[in-house]
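Visitor: Here you go, one structure.
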Amino acid sequence: MNIAVFVSGNGSNLQALLDEASRGRLSGGEIKLVVSDKKEAFALERAEKAGVKTLVKEADPSQSREEYDRQIAEHLEKEKIDLIVLAGFMRLLSERFVNRYRGRIMNVHPALLPSFKGTHGIRDALDYGVKVTGVTVHFVDEGLDSGPVIMQECLEIRENESLDSLEERIHELEHRMYPAAVRSFVEGRIKVEGRKVTILQDK
Ligand code: GRF
């Protein structure tokens, strides 16, 4: 199974996936391509270091979202990509692209969806004063952070916890959960019925 990881920034989740692959724990899955919409993304250095092909496609204001996605899809076809893993990719995907890859695009979100959607999930949860937050891995649909939930784990927010501390703990959780979710997909252990997703047990 060929995997493309989409990034825009630091790429710590990409790194967790690359590490999982290099430990031989993504058997049957290969990270073939890293796609970035930002040429300065540190994630690209991580990909290059791991010997993974990269594609940088920055947004062009004269181009529609559909056209941007269509060009990316051409590359995905060429590489015979089966699974798209969004890891801090800061663009919304067009409906046509989502339809083409429905059920084969995953995202990780740093809060317990459907709470605290959007780009500042960690800070929004902290500012709201919730006592429990967490991480969600989900399939991507045409909405914002609205697709079927694959996996969720929660974290208790400590009294007077700083944003830095919470971010660190959320990222740690992401780096444990996301590779496990991708591994389950690659091993064919994810079953989807409407919004209900079941992960079959590892043998
Ligand atoms: C993560 O917190 C993820 O939940 C969110 O974007 C962040 C990406 O971080 N979607 P990194 O680039 O993987 O370090």
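Visitor: For region 30-45, how many residues meet the condition of being surrounded by fewer than 21 Cβ atoms within 10 Å (Cβ to Cβ) and either part of a helix (DSSP H, G or I) or more than 16 Å from the ligand (Cβ to nearest atom) (or both)?
Guide: Going residue by residue through region 30-45, those that are surrounded by fewer than 21 Cβ atoms within 10 Å (Cβ to Cβ) are 30, 32, 37-40, 42, 45.
After this cut, where a residue has to be either part of a helix (DSSP H, G or I) or more than 16 Å from the ligand (Cβ to nearest atom) (or both) as well, the list is 30, 32, 42, 45.
Residues flagged as surrounded by fewer than 21 Cβ atoms within 10 Å (Cβ to Cβ) and either part of a helix (DSSP H, G or I) or more than 16 Å from the ligand (Cβ to nearest atom) (or both) within region 30-45 amount to 4.
Visitor: Follow-up question, since we're still on this one. Working only within region 10-24, note down all residues that are among the hydrophobic types (A, V, I, L, M, F, W, C) and within 14 Å of the ligand (Cβ to nearest atom).
Guide: First pass over region 10-24, keeping only residues among the hydrophobic types (A, V, I, L, M, F, W, C): 14, 16-18, 21.
Once the filter is applied, which keeps residues that are among the hydrophobic types (A, V, I, L, M, F, W, C) and within 14 Å of the ligand (Cβ to nearest atom), region 10-24 yields 14, 16, 17, 18.
Visitor: In addition: What tally of residues in region 93-131 results from selecting those that are in a loop (DSSP other than H, G, I, E, B), surrounded by 22 or more Cβ atoms within 10 Å (Cβ to Cβ) and more than 12 Å from the ligand (Cβ to nearest atom)? Walk me through how you get there before you give the answer.
Guide: Applying the first criterion (in a loop (DSSP other than H, G, I, E, B)) to region 93-131 yields 93-94, 101-104, 110-120, 129-131.
Imposing the further condition that a residue be surrounded by 22 or more Cβ atoms within 10 Å (Cβ to Cβ) reduces the set to 93, 110-111, 116.
Next cut, more than 12 Å from the ligand (Cβ to nearest atom) only: 93.
Final tally of qualifying residues: 1.
Visitor: Just one of 155, 163 is surrounded by fewer than 14 Cβ atoms within 10 Å (Cβ to Cβ) and of a type outside the set (Ser, Thr, Tyr); which is it?
Guide: Working: 155 fails: surrounded by fewer than 14 Cβ atoms within 10 Å (Cβ to Cβ).
From the options 155, 163, the qualifying one is 163.
Visitor: What tally of residues in region 69-91 results from selecting those that are assigned to a loop (DSSP other than H, G, I, E, B) and of a type outside the set (Phe, Trp, Tyr)? Lay out the reasoning, then the answer.
Guide: Filtering region 69-91 down to residues assigned to a loop (DSSP other than H, G, I, E, B) leaves 79-82, 87-91.
Filter once more, keeping what is of a type outside the set (Phe, Trp, Tyr): 79-82, 87-88, 90-91.
Selection size over region 69-91: 8.
Visitor: Name the single residue that is surrounded by the most Cβ atoms within 10 Å (Cβ to Cβ) among those in region 46-61 being closer than 24 Å to residue 139 by Cβ and within 16 Å of the ligand (Cβ to nearest atom).
Guide: Of everything passing the filter in region 46-61, 47 is surrounded by the most Cβ atoms within 10 Å (Cβ to Cβ).
Visitor: Filter region 57-68 for residues that are within 23 Å of residue 10 (Cα to Cα) and either assigned to a loop (DSSP other than H, G, I, E, B) or within 17 Å of the chain's Cα centre (by Cα) (or both) and give the result. Spell out how you get there, then give the answer.
Guide: Of all residues in region 57-68, those within 23 Å of residue 10 (Cα to Cα) come to 57-60, 68.
Answer for region 57-68, where residues must be within 23 Å of residue 10 (Cα to Cα) and either assigned to a loop (DSSP other than H, G, I, E, B) or within 17 Å of the chain's Cα centre (by Cα) (or both): 57, 58, 59, 60.
Visitor: Within region 62-92, restricting attention to residues that are among the small types (Gly, Ala, Ser) and under 27 Å from residue 183 (Cβ atoms), which residue is surrounded by the most Cβ atoms within 10 Å (Cβ to Cβ)?
Guide: Filtering region 62-92 for residues among the small types (Gly, Ala, Ser) gives 62, 64, 73, 87-88.
Still in the list and also under 27 Å from residue 183 (Cβ atoms): 73, 87-88.
Details: 73: 17, 87: 25, 88: 22.
Looking at residues that are among the small types (Gly, Ala, Ser) and under 27 Å from residue 183 (Cβ atoms), I get 87.
Visitor: Next question, about the same structure. Need the failing condition index for residue 27 against (1) among the polar types (S, T, N, Q); (2) within 14 Å of the ligand (Cβ to nearest atom); (3) out of contact with any Asp or Glu (no Cβ under 7 Å at 6 or more places or on another chain), just the number.
Guide: Answer for residue 27: the failing condition is (2).
Laboratory data are not the source of any read-out in this text; all were calculated from the coordinates shown. Values in this document were obtained by computation on a predicted structure and should not be read as measured data. As a convention, Cβ positions derive from the backbone with ideal geometry for all residues, glycine included, and neighbour counts pool all protein chains shown.
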